[in-house]
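The structure appears right after this line, and notes come after that.
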Amino acid sequence: MAILIDERTKVVVAGLTGSEGTFHSLRNRSYGTKVVAGVTPGKGGQDVEGIPVFDTVDDAVAETGANTSLVFVPARFAAEAIYEAADAELDLIVCITEGIPVRDMAQVTSYLRGTSVALVGPNCPGVISPGRCNVGIIPGEICASGRVGLVSRSGTLTYQIVHELTQRGIGQSTCVGMGGDPVHGIGFIDSLQRFEADPDTDLVVMIGEIGGDDEERAAAFIDDWITKPVVTYIAGFTAPPGRRMGHAGAIITGSSGTAQAKAEALEAAGVRGGRTPTEVAELVAAALA
Amino acid sequence: MDLFEHQGKDLFAQHGIALAEREVASTPQEAAAAAERLGGHAAVKVQVQAGGRGKGGGVALVHSPQEAADEARRMLGEGFKGTKVTRVLVERLVDIAAQYYAAISLDRSVGKYLALVSNEGGVDIEETARTNPDAIRRLHVDAVLGLRPYQARRLVGHLPPQAREGSADLLRKMYSVLAEADATLIEVNPFVQLTDGTVMALDAKVTVDDNALFRQPEVAALKDSFPIDPVEKRAKDAGLQYVKLEGEVGIIGNGAGLVMSTLDVVQQAGAGAANFLDVGGGARADLIATSLEVILSDPSVKSVLINIFGGITRCDLVAKGVLEALSRITPQVPIVVRLDGTNAEEGRRILTDAANPHIVSAATMLEAARKAADLAHGKAA
């Protein structure tokens with residue numbers, strides 16, 4: 001077991017024919033992922049290194065049985081690609097694209113509430129279940145299969161911490177790069193819930209950063225519902241406070257969004273936190289020992 | 001992107017929101033002439049991309065063109081909370097009967113907008129939220145449905161009856177500004193009802209989503225009016241995320257999270273970061289070279305730390321970029337380089353082969369931070 005993706009995952013890539021799309025889809029395929037189709041309007045009938053390209057997601061699903069969409073299209077077309085994948089009734093959409101207008105994402109979020117599809121991202125590195133399936137741009141070679149689940153708002157920081165874990169011989173069940181955009185799909189709470197239910201995950205690493213109140217809400221959720229150990233890392237203790245325009249933001253969240261506030265909320269929920277990526281790996285090793 | 005008040009008000013005007021008559025002035029003389037045209041009694045307001053102007057001395061009520069000139073001279077000369085002030089807004093004084101507060105903002109936790117209306121305006125709204133939360137009505141607005149008329153009526157239901165219709169109308173117009181300009185925040189503190197019944201916005205705080213600027217060309221064009229540090233401008237033009245900080249270790253990294261983490265680790269090693277610089281994903285050699293030039297142009301930098309974890313970014317190209325930069329400029333400070341991830345071994349080999357005396361290699365992020373901190377303080381690494 002793992003969460004979100006495994007050997008049954010069949011990927012259709014939106015934007016397969018673009019340079020990023022081609023490069024990473026082929027990397028995913030050589031990792032062992034079933035990359036079964038691509039979609040580029042007007043290029044139906046072509047192929048990329050043997051991966052057939054279709055004009056629509058519906059065509060791709062009908063022909064290949066794809067159940068997961070990987071989105072690489074430019075920001076201005078990304079919302080469209082997500083709607084199309086949702087309407088084709090896929091199980092999961094992983095959107096790597098960065099720079100999507102937040103209004104588009106607010107509308108996407110509203111639309112997806114009425115569907116059963118799960119969204120990861122946007123502006124994220126994707127999801128990997130090491131040894132089984134890799135959907136996105138996380139370098140497979142830094143991961144190892146194992147029993148630690150990981151969920152993160154940051155891309156390269158995820159790599160850093162996964163790397164530290166793998167070097168200590170600690171493998172991962174699934175790593176979820178949830179992305180750093182203000183409005184996003186699956187977050188900490190959804191991932192924690194899935195890891196809690198996954199019999200092959202023993203411990204969860206949660207990587208947050210300044211801004212918003214995802215970490216504070218996750219802390220409350222962990223306190224109430226999560227029995228497995230959780231280790232966290234928060235980036236941005238020394239980041240300068242952003243210039244604040246209005247006051248509405250602080251009233252909405254009731255949180256300052258600082259690393260300090262997040263760390264305190266997590267500590268109050270009994271969650272251990274590392275001060276450096278290295279210390280996170282040490283805490284995980286100690287907890288599993 | 002945060003707009004100046006006068007720019008926000010221009011957007012408001014396009015959507016039919018009632019505003020006081022106003023003029024922008026960039027010299028005391030212009031402020032005096034504007035006050036003269038506006039009847040002598042005016043508010044002079046600093047134009048900065050920040051809030052808290054009322055409490056911070058950024059708004060002055062004047063009763064003659066001479067006073068307007070004096071206040072404008074003070075504001076333009078002193079700046080506001082450390083920010084340079086290049087212009088003030090001179091606005092005709094109006095007869096206020098009552099003051100209120102309204103805002104529509106993105107609520108990231110639910111992916112909807114949140115509209116807020118307070119029957120106490122012109123005061124610190126965060127204070128009101130703490131001491132008198134019942135003064136604030138709030139409700140979520142779905143981004144597909146938009147602000148519905150019944151929602152606007154509910155939001156203003158605690159205002160005096162004579163203010164409700166005009167206030168609901170203002171809210172609907174604020175939402176149309178938000179939706180059409182891709183704003184993530186519209187805040188009006190205060191909006192007022194005049195003695196003649198008119199509901200008017202006396203303030204305009206507008207933040208526009210940077211990701212949407214590609215489809216907001218008019219708003220994007222306003223960028224040129226914002227003050228920017230020359231080093232930051234150079235970085236921005238090259239597509240780098242750069243923020244100047246107070247410390248002595250120059251930082252280059254890839255990905256905002258890793259760079260923030262690097263700043264934290266450098267501080268734990270006993271030094272301070274001189275900047276935040278994110279080269280982004282897939283950075284190529286020339287971008288790394290430009291980054292290094294930007295960092296080395298800062299005289300407060302005593303050592304440099306390059307911390308790269310390659311995903312999309314290829315470490316061999318990073319190494320080539322470092323060498324390219326060093327072929328153009330001779331640094332006065334040591335450069336600690338730590339490479340991991342995609343093509344890291346090749347990158348490390350390129351740097352070892354070059355044997356450049358300015359480059360200090362490090363195997364891990366912690367080691368790199370300690371070396372950079374020690375070198376910045378004149379100790380051997």
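The values are calculated or read from the model by the stated rules, or taken from the named source; none is laboratory data. This one's a predicted model, so the numbers in the text were calculated from it and none came from an experiment. Quick reminder, even Gly has a Cβ in these numbers, built from the backbone with ideal geometry, and neighbours come from all protein chains shown.
Summary of computed values
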| item | result |
| --- | --- |
| So B:Ser300, is it touching a strand residue (DSSP E or B) at 6+ places or on another chain (Cβ under 7 Å), surrounded by fewer than 20 Cβ atoms within 10 Å (Cβ to Cβ), under 22 Å from B:Ala273 (Cβ atoms) and among the polar types (S, T, N, Q) | no |
| Residues satisfying the stated conditions in the range B:305-316, i.e. buried (at least 22 other Cβ atoms within 10 Å of the Cβ) and either in a helix (DSSP H, G or I) or at pLDDT 90 or above (or both) | B:Leu305, B:Ile306, B:Asn307, B:Ile308, B:Phe309, B:Cys315 |
| B:Arg284 being within 14 Å of chain A (Cβ to nearest Cβ), surrounded by fewer than 22 Cβ atoms within 10 Å (Cβ to Cβ) and basic (Lys, Arg) | yes |
| Filter pass, B:Ala97 being assigned to a strand (DSSP E or B), of a type in the set (A, V, I, L, M) and out of contact with any Cys (no Cβ under 6 Å at 6 or more places or on another chain) | yes |
| Qualifying residue in the range A:45-57 (condition: in contact (Cβ under 8 Å) with a residue 12 or more places away in the chain and in a helix (DSSP H, G or I)) | yes |
| Which listed residue is under 29 Å from the mean Cα position of the chain (by Cα), crowded, with 18+ Cβ neighbours inside 10 Å and over 27 Å from A:Thr97 (Cα atoms), from B:Ala274, B:Ala269 | B:Ala274 |
| Of all residues in the range B:206-215 being of a type outside the set (A, V, I, L, M, F, W, C) and outside any helix (DSSP H, G or I), the one that is farthest from B:Ser291 (Cα to Cα) | B:Thr207 |
| Count of the range B:359-381 residues which are among the acidic types (Asp, Glu) and either over 20 Å from B:Leu296 (Cα atoms) or within 14 Å of chain A (Cβ to nearest Cβ) (or both) | 1 |
| Residue list for the range A:7-47, restricted to those being within 19 Å of A:Gly140 (Cβ to Cβ) and among the hydroxyl-bearing types (Ser, Thr, Tyr) | A:Thr9, A:Thr22, A:Ser25, A:Ser30, A:Tyr31, A:Thr33 |
| Any hit, the range B:238-246, residues being surrounded by fewer than 23 Cβ atoms within 10 Å (Cβ to Cβ) and under 19 Å from B:Leu375 (Cβ atoms) | yes |
| From the options B:Tyr175, B:Tyr150, residue that is over 16 Å from B:Ala102 (Cβ atoms) and aromatic (Phe, Trp, Tyr) | B:Tyr150 |
| Selection count where residues are closer than 19 Å to B:Gly16 by Cβ and surrounded by fewer than 22 Cβ atoms within 10 Å (Cβ to Cβ), scope the range B:154-166 | 4 |
| Long-range neighbours under 6 Å by Cβ, at least six apart or interchain, first residue without any contact (Cβ under 8 Å) to a residue 60 or more places away in the chain and within 13 Å of B:Tyr113 (Cβ to Cβ) within the range B:173-191, second part of a helix (DSSP H, G or I) and not small (Gly, Ala, Ser) | B:Asp182/A:Arg103 |
| Contacts under 7 angstrom Cβ, first residue in the range A:127-141 being within 10 Å of B:Gly311 (Cα to Cα), partner in a strand (DSSP E or B), 6 or more apart | A:Ile137/A:Gly126; A:Ile138/A:Gly126; A:Ile138/A:Ile128; A:Ile138/A:Cys175; A:Ile138/A:Gly177; A:Pro139/B:Gly341; A:Gly140/A:Ile128; A:Gly140/A:Asn134 |
| Subset of the range A:171-194 (residues that are part of a helix (DSSP H, G or I) and within 11 Å of another protein chain (Cβ to nearest Cβ)) | A:Ile189 |
| Exclusive hit being assigned to a loop (DSSP other than H, G, I, E, B), in contact with a Pro (Cβ under 9 Å, 6 or more places away or on another chain) and outside the structural domain of B:Gly51 (by TED's automatic domain parsing), set B:Val144, B:Val123, B:Val110 | B:Val123 |
| Lone qualifier among A:Ala60, A:Ala86, A:Ala81 - being of a type in the set (Gly, Ala, Ser), within 14 Å of chain B (Cβ to nearest Cβ) and in a helix (DSSP H, G or I) | A:Ala86 |
| Unique residue being surrounded by 19 or more Cβ atoms within 10 Å (Cβ to Cβ), within 12 Å of another protein chain (Cβ to nearest Cβ), not hydroxyl-bearing (Ser, Thr, Tyr) and not in a strand (DSSP E or B) when the list is B:Ala129, B:Ala115 | B:Ala129 |
| Some residue of the range B:37-59 being among the hydrophobic types (A, V, I, L, M, F, W, C), closer than 30 Å to A:Met105 by Cα and in contact (Cβ under 8 Å) with a residue 40 or more places away in the chain | yes |
| The range B:318-345: number of residues that are assigned to a helix (DSSP H, G or I) and within 14 Å of another protein chain (Cβ to nearest Cβ) | 3 |
| Residue within the range B:357-364 that is out of contact with any Lys or Arg (no Cβ under 8 Å at 6 or more places or on another chain) and more than 28 Å from A:Glu279 (Cα to Cα) present | yes |
| Out of B:Leu305, B:Leu323, sole residue that is within 15 Å of B:Val279 (Cβ to Cβ) and touching a helix residue (DSSP H, G or I) at 6+ places or on another chain (Cβ under 6 Å) | B:Leu305 |
| Check on B:Val88, away from every other protein chain (no Cβ under 12 Å) and within 22 Å of the chain's Cα centre (by Cα) | yes |
| Residue identified as at pLDDT below 95 and assigned by TED's automatic domain parsing to the domain that holds A:Leu150 among A:Pro241, A:Pro229, A:Pro199 | A:Pro241 |
| Condition check for B:Leu139: at the interface with chain A (Cβ under 10 Å from one of its Cβ atoms), at pLDDT 90 or above and in a strand (DSSP E or B) | no |
| In the range A:195-218, the residues that are of a type in the set (A, V, I, L, M, F, W, C) and either part of a helix (DSSP H, G or I) or within 14 Å of chain B (Cβ to nearest Cβ) (or both) | A:Phe195, A:Ala197, A:Val205, A:Met206, A:Ile207, A:Ile210, A:Ala218 |
